[in-house]
């Protein structure tokens, strides 16, 4: 009986995630863009908690995996794409771009989830993800809206947003490795530096929540390509150095 109760815990977080995504969609339809963005962030928190709860209670299941993906489609696919439609492109007077770019984000996110369900869900190394996760892409959109809740009505701003949407979509369907920051062990002891870093993050989140979320989201999105580029450059430099050593000998 006790195991059944703990088994429900991850799925409960997933359903709360879905509920926040549903509320975000309704908020976008009613022009409450700040609220819609805030609810997407709440959904992302619930999405992180369901995975943590599943690992802590050791209650992984195929049902949980599928339920989590279906909830993510709504909360981080449909909800942000509708937010992009109304807040980002609808008033900029760019014919059909509102539907086009909103759908690009949604389709890339769904493809990302489908790839994870068919290829990555049984991976042994959970320290990294292949491609930008759909919650991470949605968090950046939500963070931007939180810092600028007024709908975009200027064509250059809408154009920049469209470029960002395309970049995020390409990152989601790419093979770039992204670190999984939620893959940690609560029972593992942390050193003083880690504890100090956690204290800085928590204080920044409390004192400057919107700026912190925007900064974190941007850094998280860029972390994969930057690390990928750095590894390629170092690999190329190492190869050239080995060729030079071979010529010398």
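Brief remarks on what is shown
- Entirely in the range 16-83, the helices (runs of 4 or more DSSP H) that have 3 or more residues that are touching a helix residue (DSSP H, G or I) at 6+ places or on another chain (Cβ under 8 Å), at pLDDT 95 or above and surrounded by 20 or more Cβ atoms within 10 Å (Cβ to Cβ): 33-57, 79-83
- In this structure, residue 119 does satisfy being on the phi < 0 side of the Ramachandran plot and free of Cβ contacts under 8 Å to residues at least 40 places away in the same chain.
- Hey, residue 137 modelled with pLDDT of 90 or more, surrounded by 18 or more Cβ atoms within 10 Å (Cβ to Cβ), in contact with a helix residue (DSSP H, G or I) (Cβ under 9 Å, 6 or more places away or on another chain) and in a helix (DSSP H, G or I) or not: yes
- Criterion: farther than 16 Å from residue 36 by Cβ, surrounded by fewer than 16 Cβ atoms within 10 Å (Cβ to Cβ) and in contact with a strand residue (DSSP E or B) (Cβ under 6 Å, 6 or more places away or on another chain) - qualifying residue of 128, 100: 128
The values are calculated or read from the model by the stated rules, or taken from the named source; none is laboratory data. Every value quoted in this text rests on a predicted model; they were computed, and no experiment measured them. Reconstructed Cβ throughout: ideal geometry from the backbone, glycine too, with neighbour counts over all protein chains shown.
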